[in-house]
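Peer 1: Structure in structure tokens, see below.
The values are calculated or read from the model by the stated rules, or taken from the named source; none is laboratory data. Here the structure is a predicted model, which means the values were calculated and not measured. Note: ideal-geometry Cβ built from the backbone for every residue, glycine included; neighbour counts use all protein chains shown.
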Amino acid sequence: MRSYIYDTLRAAICMRTLDQAFDSKDEISQMVKDHLKQSFDDYGFQILQALVTDLSPNNRVRDAMNEINASKRIKEASYQKAEGEKLLKVKRAEAEAESMYLQGVGVARSRHAIMDGLKESIVGFSNSVDGASHKDVMDLLILTQYFDTLQDVGSKGKTVFLPSDNNQTRNGLLQAQASYNL
């Protein structure tokens, strides 16, 4: 009886990989039962059930399988970690791009509001002062902005020497800003 069982098991397992053999124990049990039923009916034995409860490969084979499974898990974990890092970088870049876009929109709206206010100031001042030309109003506006800039620079606690010429002032402020950013 044992020889029949071993012969049937060898035939069933040889057709499969070890992983497939572990996964298909029920199919192997059914094959053993069918084969034994045919063989033992002639001897008067009736086979009701043939159970395959455990497959025990050689220790070296089992160790190799464990190593393969561990390697697969490590590979999958590395892949998942890399995908997570990629997703974080993409989301961080998207958030930074959105932030820059919104800052640009804010600056544009701020400048637009300043221009609208300046326009209203020029028109209002020109209408209220007789004989004032647009050039006079613009000069006054530039002088006001110049003093506002001086006040803003002075509030930061830095000492800045400015020439009296507006072009030199502008160039000096741009150079100071450039050297400050370095």
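Peer 1: Since residue 49 meets every condition but one in (1) touching a residue at least 40 places away in the same chain (Cβ under 8 Å); (2) surrounded by fewer than 10 Cβ atoms within 10 Å (Cβ to Cβ), which condition does it not meet?
Peer 2: Unmet condition: (1).
Peer 1: In region 1-19, which residue that is over 24 Å from residue 44 (Cβ atoms) and charged (D, E, K, R) is surrounded by the most Cβ atoms within 10 Å (Cβ to Cβ)? Outline the logic, then answer.
Peer 2: To start, the set of residues in region 1-19 that are over 24 Å from residue 44 (Cβ atoms) comprises 10-19.
The next check asks that each one be charged (D, E, K, R); those that pass are 10, 16, 19.
Numbers: 10: 10, 16: 14, 19: 11.
Ranking the qualifying residues of region 1-19, first place goes to 16.
Peer 1: If you don't mind, another one. Could you go through region 72-91 and let me know if any residue there is free of Cβ contacts under 8 Å to residues at least 60 places away in the same chain, under 30 Å from residue 9 (Cα atoms), of a type in the set (Lys, Arg) and out of contact with any Pro (no Cβ under 9 Å at 6 or more places or on another chain).
Peer 2: Filtering region 72-91 for residues free of Cβ contacts under 8 Å to residues at least 60 places away in the same chain gives 72-91.
Imposing the further condition that a residue be under 30 Å from residue 9 (Cα atoms) reduces the set to 72.
From what's left, of a type in the set (Lys, Arg): 72.
Now drop any that are not out of contact with any Pro (no Cβ under 9 Å at 6 or more places or on another chain), which leaves 72.
Yes, there is a match, as at least one residue in region 72-91 is free of Cβ contacts under 8 Å to residues at least 60 places away in the same chain, under 30 Å from residue 9 (Cα atoms), of a type in the set (Lys, Arg) and out of contact with any Pro (no Cβ under 9 Å at 6 or more places or on another chain).
Peer 1: Quick one: which helices (runs of 4 or more DSSP H) lie wholly within region 1-104 and hold at least 1 residues that are more than 39 Å from the chain's Cα centre (by Cα) and modelled with pLDDT of 85 or more? Spell out the reasoning first.
Peer 2: On the way: elements: 2-14, 18-23, 25-41.
Counting at least 1 such residues, we get 25-41.
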